[in-house]
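Asks: Dumping the structure here so I can ask a few things about it.
The values are calculated or read from the model by the stated rules, or taken from the named source; none is laboratory data. Quantities reported herein were computed from a predicted structural model and do not represent experimental measurements. Neighbour counts are summed over all protein chains in view; Cβ atoms, including those assigned to glycine, are modelled from backbone coordinates with ideal geometry. Accessible surface is based on the protein model in full, side chains and every heavy atom, while ligands, DNA and RNA are left aside. Shrake-Rupley method; radii C 1.70, N 1.55, O 1.52, S 1.80 Å.
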Amino acid sequence: MKIDLKNLTIGRIHSGLKSGEFTCEQLVRAYLARIAERNGELNAYITVDSDGAIEAAKGVDARIAKGEKF
C-alpha cells in the first residue's frame, strides 16, 4: 500500500517518521510536488525554497537516524 504523504495528520506523520516508514525528505518532496501542482492556480506562495526545504529535511533525517528526539 502506498501512503499519500500529503494527507496525513500530524500524529500520523510523527509515528511514520519515528518508525522509519517514510523519511522527512520524502514528506517534504511530496509537499513540494503538491505546491508545484497547485500554486499556479492558488498563488498561495510567493517564494518556495525547495532546495532549502530539502536540505532541512535531510538534516532532520540525520538527527532521527542518530536517535535524537524530535
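Asks: Viscosity 1.002 mPa s, temperature 20 °C: give me the Stokes-Einstein translational D for the chain in µm²/s, with Rh taken as the Kirkwood radius over C-alpha pairs. Walk me through the intermediate numbers first.
Replies: Details: Rh = 13.0 Å.
The calculation lands on 164 µm²/s.
Asks: Could you state the accessible area per residue of the chain in Å², with a 1.4 Å probe and every protein chain left in place? Please list the in-between numbers first.
Replies: Details: 5240 Å² over 70 residues.
Per residue, the chain has 75 Å² of solvent-accessible surface.
Asks: OK, next. Suppose every Lys and Arg Cβ carries +1 and every Asp and Glu Cβ carries -1, with no other charges. What dipole size does the chain come out with about its Cα centre, to the nearest 20 debye? Don't skip to the end; give the middle numbers.
Replies: On the way: 11 positive and 10 negative charges, 64 e Å.
Here the chain has a charge dipole of around 300 debye.
Asks: While we're looking at this one, here's another question. For the chain, how many pairs of lysine residues have a Cα-Cα distance under 21 Å, where the two are 8 or more positions apart or belong to different chains? Walk me through the intermediate numbers first.
Replies: Numbers: K2/K18; K6/K18; K6/K58; K18/K58; K18/K66; K18/K69; K58/K66; K58/K69.
Summing the qualifying lysine pairs gives 8.
Asks: Turning to a different aspect of this structure: Roughly how many percent of the accessible protein surface of the chain is carbon and sulfur, given a 1.4 Å probe and a whole-percent answer?
Replies: Carbon and sulfur together cover 55 percent of it.
Asks: For the chain, take the longest principal axis of its alpha carbons; what is the angle in degrees between that and the long axis of helix 24-42, to the nearest 10 within 0 to 90?
Replies: Between the helix axis and the principal axis of the chain, the angle is about 10 degrees.
Asks: Roughly how many Å² of T9 are accessible to a 1.4 Å probe, to the nearest 10?
Replies: 90 Å²
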